[in-house]
Amino acid sequence: MTVLGVVVPVHDEEALLGGCLEALDRAARWARGGAAVRTLVVLDSCRDASREIAREHGVEVVAVAARNVGAARDAGFRALLDGPGAVPDWIATTDADSRVPPDWLLAQLAAYEKGADARVGAVYVDDWDGHGGSTREWFRTVYDTAADPHPHVHGANLGVRREAYERCGGFGGLAVGEDVALVAALDADGAVHRSRRSPVLTSGRRVARAIGGFAARLGELEAG
């Protein structure tokens, strides 16, 4: 049976992690019968109750002190690929402030079975409170109108074939843009599938956890 891995990097996400893991558990149930699923939370310099929440949901946990999302994602991938347990054929990643749809892992599995090296998905914002009309309008008129293959890259909705990840060198230690760099490397030497189907619902929070990340981008739009 195909083995799917899921990596969630976490830095002090006790308020949102439970919802993320509940959504992943539902997606894993939908994929049951077609794939075995291993979900791993990477606790990066966490000082809150994120570890306890992860354990309550019965997922695998690894801790790092990188304070770097690229290094945290890579640590999760390496733990699944090099550590004990069934080695995943395909590893997907999302964020702790995001909730995947029920068919998300089925979409990842379909990309794997079609021979893709990666699946690059889309996101939607769960709550626009605190954002002005210009930001919402940009999202509606620019982001939402991009047809497939769309140009967007999000660590909250990304999946990679095991061999392709190892071949391109992985996420590395980039503090921002680790997802974009990985997809660029795969684009140069692989088959990347870009689809707006099965989008991930992500937080519209204005306080960015990573400089240059999605929340920072929304903040730039608000300021501009």
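Using only the Cα atoms of the range 57-98, what semi-axes does the equivalent ellipsoid have when each is the square root of 5 times a gyration tensor eigenvalue? Give whole Å, largest first. Working shown, then result.
Working: eigenvalues 59, 34, 25 Å².
In descending order the semi-axes read 17, 13, 11 Å.
What is the set of long-range amide H partners of T39 at a cut-off below 5 Å, with H atoms built 1.01 Å from backbone N?
V6, E60
For the range 1-159, what are the per-bin percents of Cα-Cα distances with bins 10 Å wide, up to the bin holding the maximum?
11, 38, 35, 15, 2
At 1.4 Å probe radius, can you tell me the per residue accessible area of the range 65-125 in Å²?
Values: 1950 Å² over 61 residues.
Accessible surface, normalised per residue, equals 32 Å².
Taking all protein chains together and a probe of 1.4 Å, list R194, R55, R29 from the most accessible to the least accessible. Please report the intermediate quantities before stating the final value.
Details: R194 45, R55 155, R29 115 Å².
These residues rank, largest area first, as R55, R29, R194.
Would you work out what percent of the accessible area of the range 1-131, with all protein chains in place, is carbon or sulfur (probe 1.4 Å)? Numbers along the way, then the final one.
Values: 2480 of 5180 Å².
Ligands and nucleic acids excluded, carbon and sulfur reach 48 percent.
Of all alpha-carbon pairs in the range 1-87, indicate the percentage at a distance above 20 angstrom. Display every interim value, and only then the final one.
Working: 1175 of 3741 pairs.
That tail contains 31 percent of the Cα-Cα pairs.
The values are calculated or read from the model by the stated rules, or taken from the named source; none is laboratory data. The shown structure was predicted, so the numbers you read here are calculated from the model rather than taken from an experiment. SASA here: full protein model, heavy atoms, side chains in, ligands and nucleic acids out. Shrake-Rupley method; radii C 1.70, N 1.55, O 1.52, S 1.80 Å.
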